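These notes are about the structure you will find just below.
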Amino acid sequence: MNYLKKILLFYVDGFRHLSTLGKTLWIIIFIKLFIMFFILKLFFFPNELKNNFDNDHERSNYILEQLTKTK
Amino acid sequence: MTLLDASLIDWSRGQFALTAFYHWFFVPLTLGLSFIMAITESIYLKTGNEEWKKITKFWMTLFGINFAIGVATGIILEFEFGTNWSKYSWIVGDIFGAPLAVEGIFAFFLESTFIAVMFFGWEKLSKKFHLFSTWMVAFGSNLSALWILVANAWMNYPAGMTFNPDSARNEMLSFSDVALSPFAVNKFLHTITSSYVVAAIFVIGVSSWYLLKNRHVMIAKKSIIVASVFGLLSSLAIIITGDGSAYQVAQKQPMKLAAMEGLYNGQKGAGLIVLGMLNPAKEVSNSEDPYYFKIQIPKMLSFLGYRNGDAFVPGIKDLIYGNEQYGIEPAQKRIERGKISVNALKEYKEAKVAGDTAKMNTALATFKETFPDFGYAYFENLERLVPNVALVFYSFHIMVGLGFYFVLLFLIVLWFSFKEKLQQKKWLLRLALFTIPLGYLASQLGWVVAEVGRQPWAIQDILPVFKATSHLSVGAVQTTFFLFLALFTILLIAEIRILVKQIKNGPKE
């Protein structure tokens, strides 16, 4: 337990004493992740097969149907 | 295929290429700089000289900037798999799942845990444990790359899998066949060593700028020596791994090799082109001369591709129209077998619905026998089996030319460093500085050769790119294309501005 506390404090202390550059980089990381997961993923990148079909059986059938069309 | 479909495929490919290009802008520096930091820190631990600590901390700062801005840019590629390449994702799912899961569990965990230790632990941990953490960051970063490159290699050489006609997915038969296929091993080694060269050039270029400005002279000189030796050794490794890659391509992707050399008519004792210019009027179906001019090393292509200077190297025409003398069958035969395979899959599906077990077994046997040519079923026009020859040819030759130029640069820089005359050689310092973008260019061109060269295939011989895309509106793909262009360009500008600012500030004296 004492060991885990030491590790936690190590990280907390590290983040507490971040340089200006370190803080800037973390801000960039958070903005980037926000844009990726809460804007791009939600509004622009739906998972086509997951959204259009209810289960894997339907998805397999759709793919097989597409694969067996040669025209 | 309608015009709308063609446009959708092109935009989807363009979007993926754009994302991969930007993602790969960040990766090579992370892979290579992590080892350069680990080496300089090892020297610090061995010598106790504080200057090496300053050197390590400085390059570690630049590593941190590059890592922070580049981290997670690859996730967008995964979004695109689900949206733009949903059919492809479904079909390869089980193959990609295992390597990427291993990456998530081990490599990323290793990398991210020790990065924090590396940055926060300078004054809090023992020198030895800190050094251990730096090496773990280097190994973790490279291990992350391993699994992604294994997945990419599988698309070029789909080994260790079987296609399940019930689920329409590839399922893994042997993890070691996937992870340790000769294609995967060569691809991994060639890619990481080329990344080390990019990082070495970066360190030499930045250090040269300090020498030109007469700032941080000792730090710059020491960094240059480490980076030159590292770059030189990596370059030698690239030559070996490049040879291994070319050999694998000759065996498994002869069309890619033919495109790399602009070889239309197969030859015995084929030469390797050192310098050449393609005739843009040349097509598979005409008899124009493929080159305006060429300078070649006799028999070298045969030797590199088949370990025999007199071996026959098939050209594009041989692979399309066949060559009876050398036992190369025409692509039309593969198209016919592909159609039999697709038809057998259809029959299997219908028999399964009807509950006809005997018919299912017959169809399945035919399907399995003809599956290696499955993807050919979708082609009517034979010329569509040929990649963009000019793009592959020039990308390959510029990449190789730059690779040899880098070897020369490392040697000259090392020579003048040991002679203690480097700082007087202003021309060389300027040359080293302006070589930084060339390192990135060579690295990107390597991907162009690998990816454009294997067109029209998403999975070699099994799934063409145009069967792998989702049915989306072209407008939707265009919108996301330009969104990425804006987002990644902002990130790139941020990276360059922060890096330049930090380089101008220099190491803390």
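The values are calculated or read from the model by the stated rules, or taken from the named source; none is laboratory data. Predicted model only: the values in this text are computed from it and were never measured. Every residue, glycine as well, gets a Cβ built from its backbone with ideal geometry; the counts of neighbours run over all protein chains shown. Areas reflect the complete protein model, heavy atoms only, side chains present, ligands, DNA and RNA absent. Shrake-Rupley method; radii C 1.70, N 1.55, O 1.52, S 1.80 Å.
Annotations
- Contact map, the stretch B:444-473: first residue without any contact (Cβ under 8 Å) to a residue 60 or more places away in the chain, second residue open to solvent by less than 10 Å² (accessible area, probe 1.4 Å), Cβ cut-off under 6 Å, separation 6 or more or different chains; pairs are B:L445/B:S395; B:V448/B:S395.
- Of all residues making up the stretch B:121-133, the number that are farther than 15 Å from B:K46 by Cα and open to solvent by less than 70 Å² (accessible area, probe 1.4 Å): 4
Results for (1) within 14 Å of another protein chain (Cβ to nearest Cβ); (2) in contact (Cβ under 8 Å) with a residue 60 or more places away in the chain; (3) surrounded by fewer than 19 Cβ atoms within 10 Å (Cβ to Cβ), shown as yes or no for each residue.
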position: B:G322; (1), (2), (3): no, no, yes
position: B:G338; (1), (2), (3): yes, no, no
position: B:N343; (1), (2), (3): yes, no, yes
position: B:Y348; (1), (2), (3): yes, yes, no
position: B:G355; (1), (2), (3): no, no, yes
position: B:T362; (1), (2), (3): no, no, yes
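- Taken over the stretch B:380-403, residues that are at pLDDT below 95 and aromatic (F, W, Y) amount to 0.
- Taking the stretch B:239-272 as the range and being surrounded by fewer than 19 Cβ atoms within 10 Å (Cβ to Cβ) and of a type in the set (V, I, T) as the test, the residues that pass are B:I239, B:I240.
- Residue within the stretch B:343-350 that is under 19 Å from B:Q251 (Cα atoms) and either more than 31 Å from the chain's Cα centre (by Cα) or of a type in the set (D, E) (or both) present: no
- Test: residue in the stretch B:173-189 that is within 30 Å of B:K349 (Cα to Cα) and open to solvent by less than 10 Å² (accessible area, probe 1.4 Å): yes
- Pair list, Cβ < 9 Å and 6+ apart or interchain, from the stretch B:70-90 residues that are among the acidic types (D, E) to residues that are in a helix (DSSP H, G or I) and open to solvent by less than 10 Å² (accessible area, probe 1.4 Å): B:E80/B:S12; B:E80/B:Q15; B:E80/B:T19; B:E80/B:T480
- The residue that is farthest from B:W135 (Cα to Cα), among those in the stretch B:35-48 that are touching a residue at least 40 places away in the same chain (Cβ under 8 Å), of a type in the set (V, I, T) and open to solvent by 10 Å² or more (accessible area, probe 1.4 Å), is B:I43.
- Of the residues making up the stretch B:253-264, those that are touching a Pro at 6+ places or on another chain (Cβ under 9 Å) and outside any loop (DSSP other than H, G, I, E, B) are B:P254, B:M255, B:K256, B:L257, B:A258, B:A259.
- B:K57 satisfies every condition listed in (1) closer than 19 Å to A:L40 by Cα; (2) open to solvent by 40 Å² or more (accessible area, probe 1.4 Å); (3) in contact (Cβ under 8 Å) with a residue 12 or more places away in the chain except (1).
- Restricting the stretch B:63-74 to residues that are in a helix (DSSP H, G or I), in contact with a helix residue (DSSP H, G or I) (Cβ under 6 Å, 6 or more places away or on another chain) and not polar (S, T, N, Q) leaves a set whose member that is nearest to B:G121 (Cα to Cα) is B:F63.
- Failed condition for B:G32, given (1) open to solvent by less than 20 Å² (accessible area, probe 1.4 Å); (2) facing chain A (nearest Cβ under 10 Å); (3) small (G, A, S): (2)
- Residue within the stretch B:157-164 that is open to solvent by 30 Å² or more (accessible area, probe 1.4 Å), within 14 Å of chain A (Cβ to nearest Cβ), out of contact with any Gly (no Cβ under 6 Å at 6 or more places or on another chain) and not hydroxyl-bearing (S, T, Y) present: yes
- Selection of the stretch B:173-185 for residues being part of a helix (DSSP H, G or I) and farther than 12 Å from B:N152 by Cβ yields B:F175, B:S176, B:D177, B:A179, B:P182, B:V185.
- Restricting attention to the stretch B:103-118, the residues being at pLDDT 70 or above and either acidic (D, E) or surrounded by fewer than 20 Cβ atoms within 10 Å (Cβ to Cβ) (or both) number 6.
- B:F81 within 12 Å of chain A (Cβ to nearest Cβ), modelled with pLDDT under 85 and assigned to a helix (DSSP H, G or I): yes
- Extreme residue, most open to solvent (accessible area, probe 1.4 Å), among residues of the stretch B:478-493 that are within 25 Å of the chain's Cα centre (by Cα) and facing chain A (nearest Cβ under 8 Å): B:L483
- Sole residue being open to solvent by 80 Å² or more (accessible area, probe 1.4 Å), without any contact (Cβ under 8 Å) to a residue 24 or more places away in the chain and over 20 Å from B:I398 (Cα atoms), chosen from B:K333, B:K299: B:K333
- In the stretch B:395-416, the residues that are open to solvent by less than 80 Å² (accessible area, probe 1.4 Å) and aromatic (F, W, Y): B:F396, B:Y405, B:F406, B:F410, B:F416
- For the stretch B:273-288, the set of residues classified as over 27 Å from the mean Cα position of the chain (by Cα) and open to solvent by 90 Å² or more (accessible area, probe 1.4 Å) consists of B:E283, B:S287, listed by residue number.
- B:L433 meets all of the listed conditions (1) of a type in the set (A, V, I, L, M); (2) over 24 Å from B:Q251 (Cα atoms); (3) at pLDDT below 95 but one, namely (3).
- Note on the stretch B:467-477: among residues that are buried (at least 19 other Cβ atoms within 10 Å of the Cβ) and more than 12 Å from B:Y376 (Cα to Cα), the one that is modelled with the highest pLDDT is B:A468.
- A search for C-beta distances below 8 Å between a residue of the stretch B:111-133 that is polar (S, T, N, Q) and any residue that is open to solvent by 40 Å² or more (accessible area, probe 1.4 Å) and assigned to a loop (DSSP other than H, G, I, E, B), counting only pairs 6+ apart in sequence or on different chains, returns B:S133/B:L125.
- Qualifying residue in the stretch B:370-379 (condition: assigned to a helix (DSSP H, G or I), at pLDDT below 95 and surrounded by fewer than 18 Cβ atoms within 10 Å (Cβ to Cβ)): yes
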